[in-house]
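Contents: one structure, followed by commentary.
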Amino acid sequence: MNCLFCRIIAGEIPSNKVYEDDDILAFRDIDPQAPTHILIIPKKHYDSVIDAPAEVVGKMSEIAKKIAKDKGIDANGFRMVINTGEDGGQSVKHLHMHLLGGRSMEWPPG
Ligand code: 5GP
Ligand code: ZN
């Protein structure tokens, strides 16, 4: 298995988990870009959002909102980001949603 996030799901690489169910895993980003920076991923491998069914992306969004509430970043606001492909800056080819919060963020991104 050469997918980094599949290896995290399998427990071969440790992660700081914040949520897990049968379909979804969420864990803290190793290089946080905000005080709260969590990655939400499906346990089933999809290369990107292009390949994933709407139900999977929808569940990821619901979990991101739940975690935002749990971590107390919902009141001030947060960002949910799915980088896709080369121009989108996707470095890990396993679908993931970034949940970022805890500070004010610029728009548009660089
Ligand atoms: P992308 O650039 O593909 O949208 O996001 C990939 C994210 O995965 C980056 O924010 C990066 O910091 C994070 N990341 C890369 N390797 C690891 C790792 O081994 N563990 C964790 N927790 N995050 C990782
Ligand atoms: Zn994978």
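Could you list all residues from region 6-18 that are more than 8 Å from ligand 1 (Cβ to nearest atom) and open to solvent by less than 30 Å² (accessible area, probe 1.4 Å)? Walk me through it before giving the result.
To start, the set of residues in region 6-18 that are more than 8 Å from ligand 1 (Cβ to nearest atom) comprises 6-7, 9-12, 14, 17-18.
Residue satisfying the conditions is Cys6 alone.
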Which members of region 1-10 meet the condition of being of a type in the set (A, V, I, L, M, F, W, C) and either more than 9 Å from ligand 2 (Cβ to nearest atom) or in a helix (DSSP H, G or I) (or both)?
Leu4, Phe5, Cys6, Ile8, Ile9, Ala10
If I filter region 40-49 for residues that are assigned to a strand (DSSP E or B), within 16 Å of ligand 2 (Cβ to nearest atom) and either over 19 Å from Phe5 (Cβ atoms) or not β-branched (Val, Ile, Thr) (or both), do I get at least one hit?
yes
Within region 19-55, track down each residue that is within 14 Å of the chain's Cα centre (by Cα), under 16 Å from Ile73 (Cβ atoms) and open to solvent by 40 Å² or more (accessible area, probe 1.4 Å).
Tyr19, Arg28, Pro32, Gln33
From the list Ser15, Ser48, exactly one residue is more than 23 Å from Lys69 (Cβ to Cβ) and of a type in the set (S, T, N, Q). Which is it?
Ser48
Contact list please: Cβ distance under 6 Å, first residue in region 1-29 and within 17 Å of Asp47 (Cα to Cα), second residue open to solvent by 60 Å² or more (accessible area, probe 1.4 Å) and at pLDDT below 95, pairs at least six apart or on different chains.
Arg7/Met1
Region 11-32: number of residues that are within 15 Å of ligand 2 (Cβ to nearest atom), of a type outside the set (Gly, Ala, Ser) and closer than 17 Å to Val92 by Cα:
5
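Restricting to region 75-99, count the residues that are away from ligand 1 (no atom under 13 Å from the Cβ) and open to solvent by less than 70 Å² (accessible area, probe 1.4 Å). Steps first, please.
Initial filter on region 75-99 (away from ligand 1 (no atom under 13 Å from the Cβ)): 75-78.
Okay, now just the ones that are also open to solvent by less than 70 Å² (accessible area, probe 1.4 Å), so 77.
Number of matching residues: 1.
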Go through region 58-74 and report how many residues are within 13 Å of the chain's Cα centre (by Cα), buried (at least 16 other Cβ atoms within 10 Å of the Cβ) and of a type outside the set (Lys, Arg).
5
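The values are calculated or read from the model by the stated rules, or taken from the named source; none is laboratory data. A quick note: this is a predicted structure, and the numbers were derived from the prediction, not measured. All Cβ positions, even for glycine, are placed from backbone atoms using ideal geometry, and neighbour counts span all protein chains on display. Just the protein is used for accessible areas: all its heavy atoms, side chains included, with ligands, DNA and RNA removed. Shrake-Rupley method; radii C 1.70, N 1.55, O 1.52, S 1.80 Å.
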